[in-house]
Amino acid sequence: MFGNFSWSCSRLIAVFSLPVLLATGCSSLDSTHTQISWDELPELPAVFGDRPALVELADIHHLNPEQESAFMTYFNSAGNQQLEPQLRLANFLFNNTDNFLYESKTYTASDALALSRGNCMSLAVVTTALANLAELDIEYQLIDSSPVYEMKDNVANKGVHIRSLIYQPDDSDPNTTRSGIKIDYFPGEDGRFIGNVTFEEYIALYYRNIAAQGLSEGNYADTYWYSLESMQYDPLSPDAHNMLAVAYKRVGDLTKAEEIYQYGIHQASNKLTLLKNYHILLSEQGREEEAEAVSQRLATMDDPSPVHWFKVARYSYESDDYNEAILYYNRAIEIAPYLHEAHLGIALSYYQLGQYEKAQVAFQRALLNVNDVLTRERYAGKLEALESLRLTL
């Protein structure tokens, strides 16, 4: 049975959604990573320069001598020996991150401790480094922090993070449940377990975080090289393929971006984000028939995230395809009926189609689901204007 040990770490606003990882078990920390087969991956033109000095695997969990000494002195002190080892680790972590400054950057363990800053992934890396020193076992879980989605300033907030499980090595009956402790960097009563994460997937996620950061900063070389590095540990990650394709698209190589999208769609089990971005690429090139074929494929797929459907709907609306926009907005509402922005999207779509009565109903639903006072007033104004328009028709 596991005890719980947690403290708050602000939400990480990531460029890409995390994949749902359902693999069980956790490889040992000295595991040799799987080499990716490049046989089917499209040839990647060297437009991002030579491979820079990346954060190597050995560096991720490395601590400097002073940091190691501080932890081992605390861990082995006579006054702490009455506590189980995993609790000693958790107490040290809590005491040394009490003033931890959250920022959306992923650091190595040494840098995160020295700077006392980073994101939740950085804290997971620190935890792993300490577990290595204490010779404790560690596993990882992916946690969905909240079932509620919020759209604000064109950014979708959805809490998904890594949780660590620490316990003592045990050579006894493998069917016996071992006691341990859960260390959660973003606790909440509404957290939902998504799946176990292997060590390889955890390392891949670390590298993809850095790749995504490069994408948001316009550093496409970092995006390219760190995406490739992540694929050494999780070769079929749709997020890695997605970021590679976006990097090539951003530097103007649309042909290579399309090849990577097609490869990722063929290989990945979770194709949704790849298909959506591929749909956008085709639409931007005016390839309407191909884009429509992808759109029809998307319409038949299940997606637990209303945000994805919302984004596709908005793109359809901006492309003047109002019927398709209504279809996708409704897909979002099926998952999150409270998403007032989706109800507003339906209202605007019906308005553009000249179906004012249906637009009025959708505006009323948007108004019922909004809490922000200013937004409520804005919606009420639109509804009043629509009602006035209907009276004059």
Checklist line | Options 54, 44, 83, 63: the member that is assigned by TED's automatic domain parsing to the domain that holds residue 204, more than 28 Å from residue 204 (Cα to Cα) and in a loop (DSSP other than H, G, I, E, B) | finding: 83
Check: Do you know which residues across region 186-200 are under 27 Å from residue 117 (Cβ atoms), touching a strand residue (DSSP E or B) at 6+ places or on another chain (Cβ under 6 Å) and at pLDDT 70 or above?
Finding: 194, 197
Checklist line | Every residue from region 251-295 that is of a type in the set (Gly, Ala, Ser) and within 22 Å of residue 320 (Cβ to Cβ) | finding: 283, 286, 291, 293, 295
Margin query: Quick check on region 246-274: of everything there that is touching a Lys or Arg at 6+ places or on another chain (Cβ under 8 Å) and buried (at least 21 other Cβ atoms within 10 Å of the Cβ), which residue is nearest to residue 216 (Cα to Cα)?
Written below: 248
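Here is a yes/no grid of residues against (1) farther than 20 Å from residue 297 by Cα; (2) surrounded by fewer than 21 Cβ atoms within 10 Å (Cβ to Cβ); (3) in contact with a Leu (Cβ under 8 Å, 6 or more places away or on another chain):
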{"residue": "311", "(1), (2), (3)": "no, yes, no"}
{"residue": "338", "(1), (2), (3)": "yes, yes, no"}
{"residue": "350", "(1), (2), (3)": "yes, no, no"}
{"residue": "387", "(1), (2), (3)": "yes, yes, no"}
Notebook entry, point to check: Would a scan of region 314-324 turn up a residue that is hydroxyl-bearing (Ser, Thr, Tyr), part of a helix (DSSP H, G or I) and either more than 23 Å from residue 275 (Cβ to Cβ) or not assigned by TED's automatic domain parsing to the domain that holds residue 280 (or both)?
Noted result: no
Next item on the list: Working only within region 118-145, note down all residues that are part of a strand (DSSP E or B) and modelled with pLDDT of 90 or more.
Entry: 137, 138, 139, 140
Checklist line | Every residue from region 211-254 that is among the aliphatic types (A, V, I, L, M), at pLDDT below 90 and either over 19 Å from residue 43 (Cβ atoms) or outside any loop (DSSP other than H, G, I, E, B) (or both) | finding: 212, 215
Notebook entry, point to check: Yes or no: residue 51 among the basic types (Lys, Arg), loosely packed, with under 14 Cβ neighbours inside 10 Å and over 25 Å from the mean Cα position of the chain (by Cα)?
Noted result: yes
Note to self: I need a count of the residues in region 358-385 that are of a type in the set (Gly, Ala, Ser) and either crowded, with 18+ Cβ neighbours inside 10 Å or touching a Ser or Thr at 6+ places or on another chain (Cβ under 8 Å) (or both).
What the structure shows: 3
Notebook entry, point to check: Going by the conditions given, is residue 341 in contact (Cβ under 8 Å) with a residue 24 or more places away in the chain, in contact with a strand residue (DSSP E or B) (Cβ under 9 Å, 6 or more places away or on another chain), part of a helix (DSSP H, G or I) and among the acidic types (Asp, Glu)?
Noted result: yes
Checklist line | Selected residue (criterion: surrounded by the fewest Cβ atoms within 10 Å (Cβ to Cβ)) from residues of region 196-215 that are of a type outside the set (A, V, I, L, M, F, W, C) and over 14 Å from the mean Cα position of the chain (by Cα) | finding: 196
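For region 86-109, which residues satisfy the criterion of being assigned to a helix (DSSP H, G or I) and over 20 Å from residue 137 (Cα atoms)? Walk me through it before giving the result.
Taking region 86-109 and keeping what is assigned to a helix (DSSP H, G or I), we get 86-96, 109.
The answer is 95, 96.
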Margin query: Tell me yes or no: at least one residue of region 302-312 is of a type in the set (Asp, Glu), outside any helix (DSSP H, G or I) and within 22 Å of the chain's Cα centre (by Cα).
Written below: yes
Notebook entry, point to check: If you go through region 94-102 one residue at a time, do you hit one that is under 16 Å from residue 205 (Cα atoms), in the same structural domain as residue 77 (by TED's automatic domain parsing) and under 23 Å from the mean Cα position of the chain (by Cα)?
Noted result: no
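Here is a check on your reading of the model: is residue 278 touching an Asp or Glu at 6+ places or on another chain (Cβ under 8 Å), surrounded by fewer than 19 Cβ atoms within 10 Å (Cβ to Cβ) and assigned by TED's automatic domain parsing to the domain that holds residue 332?
Spelling it out, it is not the case that residue 278 is touching an Asp or Glu at 6+ places or on another chain (Cβ under 8 Å), surrounded by fewer than 19 Cβ atoms within 10 Å (Cβ to Cβ) and assigned by TED's automatic domain parsing to the domain that holds residue 332.
The values are calculated or read from the model by the stated rules, or taken from the named source; none is laboratory data. Not measured: the values here are computed from a predicted model. Because the Cβ atoms are built from the backbone with ideal geometry, glycine has one as well, and the counts that use them run over all protein chains shown.
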